[in-house]
Amino acid sequence: TAAGGNPRAQNGGAVLSLAYTDPLTGLGNKMRMHEKFRRLSQARERGDAAFTMGLLNLDGMKPINDLFGYAGGNEVIKQCAMRLAAAVEGDGFVCRHGGDEFAFIFPHVADEAGAAEKARLLQSVLLAPFALAFWQSPADWFEWLLLILMGVFGGTGPQGVASATEGA
């Protein structure tokens, strides 16, 4: 190769990287989290250095998937991943553990108060509203608003929604 490296070794590294990466979010996956945990535990075996590890489960994904389809749900998961990665950058590690779960490690947080502070940080970055990329134009907003109203008013269709909202 031009760089003088072994192409088989380079391909093996790329395959290993893919095996440890969540394809939707680009974060590490459950396998990468287990590896990080194993390495951190081994490094800390000789000392008494504690660390914080946790699991974060997103509640409310079913209604998002029901309203916006899996594309909308996937968009929310990707935005959560970006927010969580930015929140732990330089201070910890976050991965997509699977589905709507994220796992995190803060290697320098060794007490309960510090862990609670990190949990509040992660929760706060997820409380901001989410913008779905396919809501680009007013027509998209109207279409989704109509679908939401149809759901609220029992799927009566546009005419039923119009008559139900006239009295409001």
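The values are calculated or read from the model by the stated rules, or taken from the named source; none is laboratory data. Small disclaimer: the values here were computed from a predicted structure and weren't measured. Virtual Cβ from ideal backbone geometry, glycine too; neighbours counted across all protein chains shown. Heads up: the accessible areas ignore ligands, DNA and RNA and are worked out on the full protein's heavy atoms, side chains in. Shrake-Rupley method; radii C 1.70, N 1.55, O 1.52, S 1.80 Å.
Remark: accessible surface ordering of ASP59, ASP22, ASP66, ASP100 (largest first) is ASP59, ASP66, ASP100, ASP22, probe radius 1.4 Å.
Within straight-line reach of LYS36, meaning a Cα separation under 22 Å, sit the following lysines at least 8 residues removed in sequence or on another chain: LYS78, LYS118. The loop-placed GluC sites (Glu not before Pro) in region 13-117, going by DSSP, that have at most 10 neighbouring Cβ atoms within 10 Å of their Cβ come out as GLU45, GLU89.
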